[in-house]
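Heads up, the thing below is written out as structure tokens.
The values are calculated or read from the model by the stated rules, or taken from the named source; none is laboratory data. Just so we're clear, the structure is a prediction, and the values are computed from it rather than from any experiment. As a convention, Cβ positions derive from the backbone with ideal geometry for all residues, glycine included, and neighbour counts pool all protein chains shown.
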Amino acid sequence: MSQSHHHEQTHQHQHEHNHGKMPIILYIGGLVLALIALFLSEDIAPLRNSLFAIATIAAGYHVVILEGLGETIENTKHNHAFTPNAHILMGLAAIGASLMGNFWEGTLLILIFSGAHFLEEYAEGKSRREITKLLEMNPTTARRIKKDGQTEIVAVEALVKGDHLQVLNGDQVPIDGLIISGTTAIDESAINGESMPKEKTSGDPVFGSTINGTGSFTMEVTKEAKDTVFAKILQLVNQNQSNQTKAASIIQKFEPKYVTFVLIAIPLFVILAPLLFKWSWNESLYKGLVILVAASPCALAAATVSATLSATSTLAKQGVLSKGSTYLSQLADIKAIAFDKTDTLTKGKQEVTHAYFIDYANEAHLIDVIVAMESESNHPLATAMLQAFTAREKLTLT
């Protein structure tokens, strides 16, 4: 998969309504106006309420109007059926609270909801930034050997199977292939996580995006750019946007139907409650608005999506790639993990901290035997055990 194609995929995951910094500026302006109005005297209620109303519009303009109302209209046209966005529930609740004279409650509702929404977008943006860093690891050019023996710099996307390339010391291997001539050591940690460079010579496979060591070699291209091992890894990483947790998928699938149900149920509740429970119209409207706010699934959706995307970006920053949020959520059910990758999942500095002896009286003799055995081995764990048993003050014996 080419780098430009990956950038296009990443761009597609961004919000359609990207208005730069203006939404944040409006939100901060609304927050400042709300704080000013909050400390004004109730004797000037008209001015106070006007500031609250302006603050509500400013803080909720992007989330409620552009995304809530705007996406509702857009999705309805696209689907040829009423497809509401859950954000409009918050907008209606704020309007209702203001109509009842509770301007501060309506403003506070929008400030909290919009603030949470911007934090969610920040978490998603953080994830995209980390994935973009992975995309930048993908080499873009290669030194192709022409028929006359000269080399030319070409785009990786232009390479075809059978092309011969020259890879100098310190270069990134541009694409998957086989070494034709030369000997070198290649850092393949980007592909397999191995911390030590691997010796390569004629006939050995090499992989795109790995780092060549001190040697130079020529290679033959065996795969197109979109089919390399690293490209497949990037495809898996990009699935995080579409491969969501079960909770997030269910929420997004049924959200339009749920919002439609709420928009029908709340007016019926407000109309029927005074008849059934002998409430006043104000009381019925107020409780209907409370139910409207409580019924919004936005908080649940934000919690699932932002949590998994934050986990993905944090793992990517640490060099851990995941296939998707669905798989990350399954980690909650795992009780233990067993690894057999010495010097790969560790820092390359193994340390023995505890030694357990079962039903053996002469521990000192057994330690001497272990030291004698491990001194004949060059395995990293053998070295760690030898160091631990010869310096027993750092070792816990049981």
* Structure fact -> Exactly one of Ala338, Ala332 is at negative phi, modelled with pLDDT of 75 or more and not in a helix (DSSP H, G or I), and that residue is Ala338
* Asked: If you check Leu345 against the conditions, is it modelled with pLDDT under 70 and exposed (fewer than 13 other Cβ atoms within 10 Å of the Cβ)?
  -> yes
* To do: List the number of the failed condition for His11; all other conditions in (1) more than 30 Å from Lys226 (Cβ to Cβ); (2) at pLDDT below 85; (3) out of contact with any Gly (no Cβ under 8 Å at 6 or more places or on another chain); (4) in a helix (DSSP H, G or I) hold.
  => (1)
* Quick one: which of Gly30, Gly68 is in contact (Cβ under 8 Å) with a residue 60 or more places away in the chain, closer than 16 Å to Ile110 by Cβ and touching a helix residue (DSSP H, G or I) at 6+ places or on another chain (Cβ under 6 Å)? -> Gly30
* Structure fact -> Taking segment 207-232 and keeping residues part of a helix (DSSP H, G or I) and buried (at least 19 other Cβ atoms within 10 Å of the Cβ) leaves Ala225, Phe230, Ala231
* **Complete set of residues in segment 116-140 that are buried (at least 16 other Cβ atoms within 10 Å of the Cβ), under 30 Å from Gln166 (Cα atoms) and at pLDDT 75 or above** => Asn138, Pro139
* So which residues in segment 367-385 are assigned to a helix (DSSP H, G or I) and farther than 18 Å from Thr353 by Cβ? -> Asp368, Val369, Ala372, Met373
